[in-house]
Amino acid sequence: MTEIGFYHLQKTPLERALPRLLERAVERGMRALVVAGSPERVEALNAALWTYDPGSFLPHGAAGEGDPETHPIWLAAHDEPANGADLLVLVDGADSTRQGDFARVIDMFDGADPDAVSAARRRWKTLKDAGHKLTYWQQTERGGWEMKAES
């Protein structure tokens, strides 16, 4: 079964936390598909990945920008692994029925949004009932991650 990590954003916004997680994935040789809630959000995340740190570069592309196969990180509003991704990152409450197609899934949700937290709890229960290995990570005061639960 696919390992699925729930990442509870509390101290930094998605636009700052996501690039750090993607950096680690690329360092480990993974290919990532980031699925956002809408095409407009994909555009905003695309811009954020270009500008989050002037000293860094995350090789990525987005839907409508050339060949996904050439990008280790691909941003889209759907969960089709067009770039051969082994990591699926779901943001903005995006959901997928294809978790089993990936080696690892990260579900990032905004802890300041009660609806997002409730939706994440529902996804956790559904995935737990399906037999997936789950971990719950919460942001620390410094913006790092601490595992709080696993199932």
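Since every read-out is calculated from the coordinates, none of them should be taken as a lab result. Small disclaimer: the values here were computed from a predicted structure and weren't measured. When we count neighbours, we look across all protein chains shown, and the Cβ atoms used for this are built from the backbone with ideal geometry, even at glycine.
Just a few scattered comments:
- Measuring r between the beta carbons of ALA82 and ALA103 and using R0 = 22 Å, the FRET efficiency lands at 0.85.
- The gain in end-to-end length when the LYS133 to ALA48 segment is fully stretched comes to 27.5 nm, 0.36 nm per residue minus the alpha carbon separation.
- In straight-distance terms, cross-link reach from LYS128 covers every one of the aspartates and glutamates whose alpha-carbon lies under 13 Å from its own, apart from those fewer than eight places away in the same chain; here that gives GLU3, GLU150.
- Here region 2-151 is assigned +1 on the Cβ of each Lys and Arg and -1 on the Cβ of each Asp and Glu. Its dipole about the Cα centre then comes out at about 600 debye.
- GNM flexibility winner over the chain from PRO72, PRO19, PRO114 (Cα, springs under 10 Å): PRO114
- q = 0.21 Å⁻¹, region 98-151: log10 I(q)/I(0) [Debye, one scatterer per Cα]: -0.90
- Chain lengthening between ALA119 and THR140 when straightened (0.36 nm per residue, less Cα-Cα): 5.4 nm
- Taking every alpha-carbon pair under 8 Å whose residues sit at least 6 apart, region 3-150 reaches a relative contact order of 34 percent.
- Only the Cβ atoms of Lys and Arg (+1) and of Asp and Glu (-1) were treated as charged; on that basis the dipole of region 66-151 about its Cα centre amounts to roughly 480 debye.
- For region 67-146, averaging the sequence separation of C-alpha pairs within contact (under 8 Å, six or more residues apart) and dividing by the residue count gives a relative contact order of 17 percent.
- Note on the chain: helix-only mean residue ellipticity at 222 nm, from DSSP H runs of 4+ residues weighted -39500 (n - 2.57) and normalised by residue number, equals -9000 deg cm²/dmol.
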